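The values are calculated or read from the model by the stated rules, or taken from the named source; none is laboratory data. Values in this document were obtained by computation on a predicted structure and should not be read as measured data. Heads up, the Cβs are rebuilt from the backbone with ideal geometry, glycines too, and the neighbour counts pull from every protein chain shown.
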Amino acid sequence: MHIDFAPPSGGTYNNAGSSRQLVSYMEHEDLERMEKGIYTDGFFNLMDDNIYKSKVIKDIDGNIGQLLKTDAKFYAIHISPSESELRAMGNTEQEKAEAMKRYIREVFIPEYANNFNKGLSEADIKFYGKIHFDRSRSDNKLNIHCHLIVSRKDQANKKKLSPLTNHKNTKKGIVTGGFDRVNLFQQAEQGFDKLFDYKRQLVESFDYCNTMKNGTIFERLNLQGQELQSNDKKTEIDQDSNQENLFSIKLESKEIDHTSCNTGNNIDKEKDNRIPPHRSNNQENYFSSDSLVSLVPFGANLLINSNVPEEQIPISQKRKKKYRKL
């Protein structure tokens, strides 16, 4: 899960004035999809769906009590699940979009509110979200992501809330409460895994990525060691599974061989019943041979055994002697 706060700029993300430019950008994809007759999803907040753009602009721009002209009036947040995470969120675009809204409402916004350490709940956060289905600069096949515009002030238009502050859980001073972005990322990730029963691999966790980027050399080496152990354990499990499958195949093969042998023995018994009683024990042993019985026709067996006396060979199989006329 990739979560980032767009830095204020002089263009689309200029948050010192009206939210109109950002809200219009958030809606631009709808027109393209509507022309193609493809499913679109309107603005949403904690309780409602399909909210008009005009209401979003009016609501955000009107919630700026006691803010100076140069102060930030709102913040833009991007939430982009990975391909693997998106597959856990549903099969169709509409299912994934509904799952994304559920995640924003039940996990992200509650964690966002709680992270200010001011006793806030999700109901205190004024925000609007917009689902996007395409990301031209991404190589992912699944590109569904969410844009959030969050007011600088709470719903009551009394408390200033800044997720970009560098203060963390401060008790004294001008800024109290602060905001811990690392904690937000961790809690939002854990909430996603719980909500969608997602089995997250070590290498795709926030802690792993953050440590590999910002950790010390010892922390990175330790994490890589954990990754190797995890891969080795997974390999052992796969090998054990393969051995069990191979053992099962061998057992099935033995059962088939056993059945085949029993069938062969039954055939031998039937043939033994057809052997005249005056034949020798050698002949009976010969007829009980599994390999030869299965390969040689019954009538030709006597010719192969060199120990069989000629007088016991059937007449049809004796050579006719030619006599020369004197």
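Among the numbered conditions (1) among the polar types (S, T, N, Q); (2) assigned by TED's automatic domain parsing to the domain that holds residue 163; (3) at pLDDT below 60, the only one that residue 241 does not meet is (2).
The set of residues in region 161-184 being under 22 Å from residue 78 (Cβ atoms) and assigned to a loop (DSSP other than H, G, I, E, B) consists of 161, 162, 163, 164, 165, 166, 179, 180. Specify the residue that is modelled with the highest pLDDT; the eligible residues are those in region 128-173 that are acidic (Asp, Glu) and within 23 Å of the chain's Cα centre (by Cα). Looking at residues that are acidic (Asp, Glu) and within 23 Å of the chain's Cα centre (by Cα), I get 134.
Test residue 9 against the stated conditions and say whether it is among the polar types (S, T, N, Q) and surrounded by fewer than 18 Cβ atoms within 10 Å (Cβ to Cβ). The answer is yes for residue 9. Of the residues making up region 158-207, those that are under 25 Å from residue 65 (Cβ atoms) and β-branched (Val, Ile, Thr) are 165, 170, 174, 175, 176. Quick one: in region 190-201, of everything that is surrounded by 14 or more Cβ atoms within 10 Å (Cβ to Cβ) and under 15 Å from the mean Cα position of the chain (by Cα), which residue is farthest from residue 228 (Cα to Cα)? Here the residue is 195. Quick check on region 1-40: of everything there that is assigned to a helix (DSSP H, G or I) and hydroxyl-bearing (Ser, Thr, Tyr), which residue is farthest from residue 54 (Cα to Cα)? Selected residue: 25. When residue 24 is tested against (1) at pLDDT 90 or above; (2) under 28 Å from the mean Cα position of the chain (by Cα); (3) of a type in the set (Ser, Thr, Tyr), exactly one condition is not met: (2). Only one of (1) assigned by TED's automatic domain parsing to the domain that holds residue 109; (2) closer than 27 Å to residue 26 by Cβ is not met by residue 177, so which one is it? Here residue 177 meets the rest and fails (2).
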